[in-house]
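Here's the structure, in structure tokens; my notes come after.
No value in this document is a laboratory result; all are computed from the given coordinates. Keep in mind that what you see is a predicted model, and the values were worked out from it rather than measured. Cβ placement follows ideal geometry from the backbone for every residue including glycine, while neighbour counts extend to all protein chains displayed.
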Amino acid sequence: MSKDISDGRQRVIKAAIELFAKKGKHGTRMEEVGKHAKINKAMVYYYFNTKDNLYQEILMKIVIDMFRKINQDINSIIKNKMNFTEILRQLIAIHFNNLSRNPQFIQIMIDALANEPEKFKEVMKIVKNNPDINANTKAIAILKEGMNNKIIRKDDPKQILISIIGMNLIYFIAKQIADVFLDIDIKNEQDFLIKRKKSVLDLIMYGILEKKE
């Protein structure tokens with residue numbers, strides 16, 4: 001693939017991520033993608049042939065990129081040989097930090113779950129079957145280790161992981177509702193996210209740690 005084609009393709013992907021995140025797959029036209037990427041529509045079709053192909057490639061890219069980064073971050077905290085409670089705190093924080101760094105990715109994944117669930121399942125199967133990017137397997141192993149060492153109370157580790165994911169994710173998928181319904185005036189989102197992460201960490205940690213007599 002020539003450098004010009006590669007650069008053009010990357011510009012289309014970048015533009016499509018921005019538009020799919022803002023308008024969803026069904027609200028985005030290939031002509032808009034080309035205009036946003038400063039490439040004519042014919043070239044967008046040349047690179048991807050159909051909007052379905054473009055959407056599938058982007059969905060694959062963002063999910064795999066996010067899981068690979070989470071997996072790498074988990075590997076780092078394991079290698080650093082922290083005490084287990086700190087590993088657990090870092091595990092929760094890693095997930096939250098990756099969500100907060102990639103708001104566009106989250107919006108596209110929500111759109112896929114709502115409108116293209118089969119495509120999303122296909123991508124998640126690829127993640128599940130690849131140990132280099134399957135962060136969930138490592139997270140569950142960490143939780144099981146905590147239970148075996150009586151640091152975490154006995155529970156289904158998958159249920160705990162669902163709770164971690166859910167508490168980390170809820171603000172990013174429903175912040176407009178929270179702003180209005182809870183009358184939250186967010187003047188500085190960065191400060192709010194710091195407080196939100198601390199709140200999630202405290203709630204989860206106090207909920208799953210073994211109670212001291």
Practice prompt. Kindly identify region 56-193 as rounded, prolate or oblate by the Cα gyration tensor criterion: order the square roots of the eigenvalues as a ≥ b ≥ c, call it rounded if a/c is under 1.5, otherwise compare a/b with b/c, prolate if a/b is larger, else oblate.
Written response: oblate
Worksheet item: Amide H to amide H under 5 Å from residue 152: which residues, 5+ apart in sequence or cross-chain, H placed 1.01 Å off N in plane?
Response: 147, 210
Item to complete: For region 45-54, just list the computed ³J(HN,Hα) in residue order, Karplus coefficients 6.51, -1.76 and 1.60, θ = phi - 60°, integers in Hz, with x standing in for Gly and Pro.
Response: 5, 4, 5, 10, 6, 9, 5, 4, 5, 5
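Which trypsin sites (Lys or Arg not before Pro) from region 60-140 combine a DSSP loop assignment with at most 12 other Cβ atoms within 10 Å?
Loop-located and lightly packed - 81.
For region 55-208, give the magnitude of the charge dipole about the Cα centre (Cβ charges: +1 Lys/Arg, -1 Asp/Glu; no others), in debye to the nearest 20.
Working: 23 positive and 18 negative charges, 135 e Å.
Here the size comes out at about 640 debye.
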Response to the item:
Beyond 18 Å (Cα-Cα) in this structure, taken from 51/119; 158/198; 81/138; 25/128; 138/158; 14/35, we find 158/198; 25/128
